[in-house]
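Notes for the one structure printed next.
The values are calculated or read from the model by the stated rules, or taken from the named source; none is laboratory data. On a predicted model such as this, the values are computed, not experimentally measured, just so you know. Neighbour counts run over all protein chains shown; Cβ positions are idealised from the backbone, glycine included. Keep in mind that these areas ignore ligands, DNA and RNA; they rest on the heavy atoms of the full protein, side chains included. Shrake-Rupley method; radii C 1.70, N 1.55, O 1.52, S 1.80 Å.
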Amino acid sequence: MAQQKEIYDYLRSVDCCRVCCLRFLKGTKEEFVDIDAALRKRDLEPVDQENGEHKAKKLKENVCIACLGLFDLDRIATLACEVKEHAAYQQYRCEAGFLTSISLPIVLHLRQLALWFDVVDRFPQTFFPGTPPDIAVKDALKMIIIHQLERTLEKPFSVDGVMVNVPYTYANEEEELRTLEQVSPGVFANRKANKHTKKEFISRNAFEKHFTPSMINGDRFRKHYAVPPVSSEEVGLVRGELSFTGPTIFLAGRYNKFSRELSQTPWMIDGKRKMAGSVQETIGASVAPHFGVSDEQLIFSSSGREDVDVRCLGEGRPFVLEIVDAKTDQLPEDVAIRMEQEVGISQTVAIRDIQLVKREDLVHIRHGEEDKRKFYRALCVTAEPVTEEMVRKLRIDEPFVMQQVTPLRVLHRRTLLARPRTVYSVKAFACRENPHAMVVDIVSQAGTYIKELVHSDFGRTGPSFRSIIGSEIDIHALDVMAIDLDWPKKLRR
């Protein structure tokens, strides 16, 4: 206890604020939340003889040499009120709560380093060159700010909440950091020689890697920088403009595509649109307004994709919309129903089962794609009239593996490879109305090029329906009937 008191009194004598003193005494979260109570409990400040309470010494006129005024508790309390009343914050309706992103100048690391050298020399039984002497500035600040925000906003801290961005700057930062070139010139020579090094004078990671008492010469450091550091009344940290970023949320569902003239995502070639709309844009136009974003901000992904001229029927194809900076994290049932109805009005696309999901749920749609099975129905045409023998040959119950060389039609955007793909079953039916047509149901591994499975792509796919029946055959129309993925949860609205 005596050593603790000695450390506290010394740090106060060199213009450390009470919060920074508590950092060097390794205060707990509960202590940073109530500094006065913490100092009373530790018996670190004199007692007011009139009422028996501890009282703080008169505040120093200079800003704190360690935090440069960052831990001004009155300013921190004001910050919480500013957040609550800020027009940009009020546009968010997020039940999850909030989180913080605090940007601090690197010069605070330099000042910590100077104090580190100082306390190691003065209190060698307590502080050591290889172990940071304090609770990190940012960690302590977050403990205090988060408590203030939770109390003022009446919402919890949550990684899924609205991010409160709080930037700080220091006018003399570059001037102070330049002294490091005299302390360790080799570090900066290497940074200048490395083409991957950013343009900033020194990064936070580089500072933490190269500048600790065990890594640099203490005498040289003292020659170029004051130990302990000094500050003045006029210059301290300046807080910048508050800004806010909404959570990234994920909306999942299933879509059907009924048009044979609609791409899944915007189809652009050389900056020009090839089609007026897309599945993504049709869905986005109904979803985006509720979340307060433009449909261009939505990031669309799905369990595979169908060609422009292929319909997607049955239960539909699972999809996910990633919504960045969402203004709300809620999807009321009536809103979900309205979204589904609005998309259905297009008559080209329908959606169902839309719901909010967690980021970790995306594993269902993003991994194991080639292990999934897809169910297709193809309308095929033959050069010769369809015979019973052709139909019999295209009724295959046992799985078989074929080799598909990258189809000519996608070679401009896909690597030239031979890909093995499994076809699990084939079942053909002759068409009464057309002697040159048959309907074929196909169950295959995801990633199979069905059109090429039918006509062989000039022999690049084999075996193909053409090689199996020994006659020319092509595909006239194709539908996706089902996708072997039981996700997201079926809601049956």
The chain - percent of accessible surface contributed by carbon and sulfur, probe 1.4 Å: 50 percent
Nitroxide proxy distance, nm - points 7 Å out along Cα→Cβ at LEU417 and ARG432: 4.6 nm
Order of exposure, largest accessible area first, which applies to LYS223, LYS257 with probe 1.4 Å: LYS223, LYS257
5 angstrom amide H check on ARG419, placed H, neighbours 5+ away: GLN404, VAL405, THR406
Probe 1.4 Å - accessible area at CYS20, Å² to nearest ten: 0 Å²
Theoretical ellipticity at 222 nm over the chain - DSSP helices of four or more residues, -39500 (n - 2.57) apiece, nearest 500: -8500 deg cm²/dmol
Which of GLU433, GLU370, GLU95 is most accessible, then next, and so on - probe 1.4 Å: GLU433, GLU95, GLU370
Protein-only accessible surface order, largest first, of MET143, MET438, MET268 at 1.4 Å: MET268, MET143, MET438
Rg and Dmax [Cα atoms of the chain; Å; Rg one decimal, Dmax integer]: 33.5, 110
Gyration tensor verdict on segment 248-369 (Cα atoms; rounded if a/c is under 1.5, prolate if a/b is larger than b/c, oblate otherwise): rounded
Within segment 248-369, percent of DSSP bridges classed antiparallel, to nearest 5: 95 percent
Flagged links, alpha-carbon separation over 18 Å, of LYS5/LYS26; LYS272/LYS451; LYS257/LYS427; LYS427/LYS451: LYS272/LYS451; LYS257/LYS427
LYS427 - accessible surface, heavy atoms, 1.4 Å probe, Å² rounded to 10: 100 Å²
In order through segment 254-267: 3J(HN,Hα) via Karplus (6.51 cos²θ - 1.76 cosθ + 1.60), integer Hz, x for Gly, Pro: 10, 10, 10, 10, 9, 9, 9, 9, 9, 7, 6, 10, x, 9
For segment 397-493, with +1 on Lys and Arg beta carbons and -1 on Asp and Glu, the positive-most of PHE429, SER444, ILE469 along the dipole: SER444
Whole-Å distance, taken between Cα centres, linking segment 358-397 and segment 149-166: 49 Å
Heavy atoms of THR448: accessible area, 1.4 Å probe, square angstrom to 10: 10 Å²
Pairwise centroid distance, computed over Cα atoms, of segment 103-125 with segment 227-271, Å: 35 Å
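Per residue, how much accessible area does the chain have with a 1.4 Å probe, in Å²?
On a per-residue basis, 51 Å².
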Charged-residue dipole, Cβ positions (Lys, Arg, Asp, Glu), the chain about Cα centre, Debye nearest 20: 1280 debye
